[in-house]
1. Taking the conditions exactly as written (away from every other protein chain (no Cβ under 14 Å), crowded, with 17+ Cβ neighbours inside 10 Å and among the aliphatic types (A, V, I, L, M)), does residue B:322 satisfy them or not?
2. Could you list, in sequence order, all residues of region B:354-369 that are β-branched (Val, Ile, Thr) and under 14 Å from residue B:384 (Cα atoms)?
3. Among what's in region B:289-305 and is free of Cβ contacts under 8 Å to residues at least 60 places away in the same chain and more than 14 Å from every other protein chain (Cβ to nearest Cβ), pick the residue that is surrounded by the fewest Cβ atoms within 10 Å (Cβ to Cβ).
4. Pull up region A:103-113, narrow it to residues that are more than 8 Å from chain B (Cβ to nearest Cβ) and crowded, with 20+ Cβ neighbours inside 10 Å, then point me to the one that is nearest to residue A:139 (Cα to Cα).
5. Regarding region A:210-217, can at least one residue be identified that is touching a Lys or Arg at 6+ places or on another chain (Cβ under 6 Å), in contact (Cβ under 8 Å) with a residue 40 or more places away in the chain and not hydrophobic (A, V, I, L, M, F, W, C)?
6. Every residue in region A:137-147 that is surrounded by 24 or more Cβ atoms within 10 Å (Cβ to Cβ), among the hydrophobic types (A, V, I, L, M, F, W, C) and in contact with a helix residue (DSSP H, G or I) (Cβ under 8 Å, 6 or more places away or on another chain), please.
7. Could you tell me how many of the residues in region A:194-222 are in a strand (DSSP E or B) and either over 24 Å from residue A:85 (Cα atoms) or of a type outside the set (Lys, Arg) (or both)?
8. Mind checking which residues of region A:34-80 are more than 19 Å from residue A:161 (Cβ to Cβ) and β-branched (Val, Ile, Thr)?
Amino acid sequence: MTAFIEIKDVLKEYGTATALRGVSFAVERGQWCAVVGASGSGKSTMLNIIGGLDSPSSGCVSMDGVDLCALGEDPMARFRRENVGYVFQQSHLVPYLTSVENVMLAQYFHSLTDEDEAREALARVGMDHRLGHRPSQLSGGEQQRVCIARALINSPKVLLADEPTGNLDRENTTLILGLLKRLHTEEHFTIIMVTHDAYVAGWAGRVVTMEDGLIVKDEPSDR
Amino acid sequence: MNPLIAEAAIIGCKEGLKLALVWYVCRSFFDAYGRPGLMRFFYFGVAVASGLFVLSFFMPHDMAARDTVARLTGYVFFLFFMAAVALMYNRPGKALSGVSGLEPLAVLFATALYFSPDIVGASLFVRELAVLSGQVAGIYFSGAFAFVFLIAFFVLLLAKRPLKGVRRFLGLAELFVFLALLKFLGSGTKGFGEISLVSSVQQGLVKFVHDAAHQSLLFLMVPDHPLLVTTTWNFIGFFFSGPFTAFLALLILAGPMLGYLYVTLTGDIPIPEGMDSGAERRMYRAEKRAFRRRRSVMAGAFALLVFISWYSVGGGRAGATLELPEPRPIVPEAGVVSMDLSGPGFDLMDGRLYKFSVNLEGETVVLLVIRRPDGKLAVTIDACEICPPDEGYGRSAEYVVCVYCMTPIPIETLGMPGGCNPIPLEAEITDSSVLVLMEEIAAKWRFVTSSKSKEGIR
C-alpha cells in the first residue's frame with residue numbers, strides 16, 4: 001500500500017544550485033510531521049513540491065494516489081485548491097479585508113462564498129470576537145489563527161505549514177501549536193510543518209531533519 | 001457578375017453554411033453522448049429533404065407557393081422552438097438519457113423536417129431569380145449548388161474533429177434551442193434575424209382570431225352599436241396592430257427563454273445527502289451553478305437574438321403614421337372606370353397606396369390600388385365586408401390598415417377576398433391604365449352596403 005504522501009528520488013535544481021538531492025520521503029494519513037534543518041537545507045523547497053507550488057527537476061510526488069507530476073497547470077491548480085491548505089510564516093492576509101472576508105476569499109477561489117461557514121471556521125480557531133477586524137488590527141498570533149482558518153476552510157486533505165510560528169513570541173507560538181495539536185488529534189489532519197525551532201518541532205509526532213538537500217534523520221518526536 | 005446570380009450564390013452560401021453547421025453540431029452532440037450511430041439517420045433525413053428538392057420542380061413558383069413554404073418554415077421553426085421549450089421545462093440538463101428504439105426515427109424525422117422547407121424555399125427562390133432574369137434556371141441552380149458545396153466543404157475541412165465540451169453546453173433541450181436559433185437566423189431570404197417567418201405564422205393566427213372576434217361582436221350587436229365607433233374599434237384594434245403583435249411575438253419567443261434563465265440561474269441547488277463538509281457542499285453547488293450557466297448560454301443567445309430581431313423590425317417603437325392619400329376623382333366612360341398607370345406626380349407601380357373615387361348612383365365609392373410585393377397590382381374597393389366604409393384603409397410599412405378597426409392587412413394578401421381584407425375587384429391592366437367595369441364596382445359595392453351589421457350606420 002502506498003503512503004498518503006510519497007516523494008521518490010526528488011531532485012530540484014535552480015540553475016547551478018541544487019536544493020534537493022534525490023529525496024525520498026513518505027507521510028501517512030493523519031500524521032503530523034515536522035521538517036527541520038538549517039537555512040538552505042531544502043525543507044521549504046520540499047514542502048512547496050509536496051504542495052504542488054513547485055515541481056521537481058526529476059523524481060515523482062504523489063498525494064492520495066494522485067501523481068502530481070502528471071498534472072497539467074489547471075488540474076494542478078484544482079488539486080491544490082481542493083486538497084492542500086497552506087500556512088506561511090508571513091500571514092499573506094489581504095490588508096483591506098476583514099478576517100471573515102479573508103477567509104471568504106479562499107472560499108471564493110475554491111468554489112462559492114459562505115459567510116456563516118467562514119464565521120464558524122474563525123470560531124474554531126478562537127477568532128469569533130475579531131471577525132470584522134482587518135489584519136492591521138490583529139496581533140501576529142491572531143493573524144496566524146486567521147491564516148489557519150483560511151487554510152482549513154476548504155477542508156484540505158493536508159495542511160502544509162512553513163514556519164507558522166516564525167514571527168511569533170513563545171506565548172503565541174504555544175497558542176498556535178496548541179491549535180494545530182487539537183486539529184491533529186480531534187480532526188485527524190495530516191500536517192507537514194517546516195521549522196527551524198526544536199521547540200516547535202517537538203510538538204509533531206515525527207521529526208525529519210534535512211541537511212544540504214538530503215534527509216539525514218527521520219525519527220519520532222520525544223514529546 | 002449578374003446580381004441575380006450573385007443572389008443565387010448567397011442563397012447557396014447560406015444553405016451550405018446552415019447544413020454544415022447543423023451537421024457539425026449534431027455529429028459532435030451524438031459523439032459526446034456516445035451515440036455516433038445516430039448520424040446515419042441524420043443523413044437519411046437530409047436525403048429525404050433532398051428528395052423534396054426534386055419534387056419542388058413540379059411546384060408552381062407563384063406567390064401562394066412561396067407563402068405556403070414561408071408558413072411551413074415558420075411552423076417548423078415553431079415546432080423546434082416548442083420542442084425545445086418542452087424539453088427545457090421538463091428535462092432540465094438531461095439528454096439522451098435512455099436508449100430508445102424511437103431515437104433513430106426521431107432523428108430522421110427531425111432532420112427531414114428541419115431541412116425540407118429550406119431546401120424547397122431556396123429552390124423556389126432560385127427558380128424565381130431565373131424567371132426574373134429570363135435565363136435558363138440551370139445557371140442559377142448551378143451557382144447556388146456550387147456555393148452550397150463550397151461552403152459545406154470548407155466547414156467540413158475545418159471541422160475534422162468533433163467539437164470539444166459539447167456536453168457542457170448542450171443537452172437535448174439546448175440542441176433544439178440551437179436548431180431553432182439557426183432556423184430563426186437563416187430562414188427566409190432576407191438574411192440575418194428575419195422575424196417574418198414568425199409573423200407569417202403569427203399573422204395567420206392573429207387574423208383568424210381577429211376576424212372571428214370582429215364578426216362575432218358585430219353579429220351580437222346587430223345593427224352595429226353606436227358604441228362601436230371608430231375610437232372603440234381602434235382600441236380593440238390595438239390588440240391586433242403591428243406593435244402589439246410584435247410584443248406578443250416577443251413574449252411568446254423570448255418569454256420561455258427568459259423564464260428558463262430565471263429558474264435555472266436563481267433556482268435552489270439541492271445538496272445530496274452524505275456531503276458533510278462545507279467545502280464539499282460549496283464545490284457541489286459551484287459546479288452545478290457553472291453547469292447551469294453553461295446550459296443557459298443557448299437560451300440566452302436565443303432571447304437576445306429575438307430582442308435584436310424584434311427591435312430591428314421596429315417592435316419597440318410606436319406604430320408608424322398611417323399614409324392616407326386623398327382619393328383622386330374619376331369619371332367613368334361607357335361604363336368603364338379607367339385609372340392611368342402613371343401621370344404627373346404619381347405612378348401606380350411605385351408601391352405607394354393610391355385611391356380613386358367614383359360616383360355610383362349618387363354614392364361615392366372609393367377604390368384602392370397598390371402594387372403588391374410580387375409586382376402585380378391589387379385593385380379593391382376601399383372597404384371590407386365587415387367595417388363601415390367611411391374611413392377605408394391607410395398604409396403603414398408592409399401593411400394596409402383598416403382605419404376603423406386598425407387591423408393590419410399584409411399587402412401581399414391584397415386581392416384575396418374575405419374577413420378584413422378590402423373587397424377585391426376584377427380589373428384589366430393594360431400598358432397605360434387599369435380598367436374596371438362599373439358593373440363590377442356596383443356588384444362588389446353591394447357586399448359593403450348589404451352587410452346586416454352596417455344597417456345601423458347607414
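1. no
2. Hits for region B:354-369 are B:365, B:366.
3. Of everything passing the filter in region B:289-305, B:304 is surrounded by the fewest Cβ atoms within 10 Å (Cβ to Cβ).
4. If we take residues in region A:103-113 being more than 8 Å from chain B (Cβ to nearest Cβ) and crowded, with 20+ Cβ neighbours inside 10 Å, then A:103 is nearest to residue A:139 (Cα to Cα).
5. There is at least one residue in region A:210-217 that is touching a Lys or Arg at 6+ places or on another chain (Cβ under 6 Å), in contact (Cβ under 8 Å) with a residue 40 or more places away in the chain and not hydrophobic (A, V, I, L, M, F, W, C).
6. Correct list: A:146 only.
7. 14
8. Answer for region A:34-80, where residues must be more than 19 Å from residue A:161 (Cβ to Cβ) and β-branched (Val, Ile, Thr): just A:66.
The numbers here are math on the coordinates, done by the rules we state, and not lab data. These figures come from a predicted structure and were not determined experimentally. FYI the Cβ positions are ideal-geometry reconstructions off the backbone, even for glycines, and counts take in every protein chain you see.
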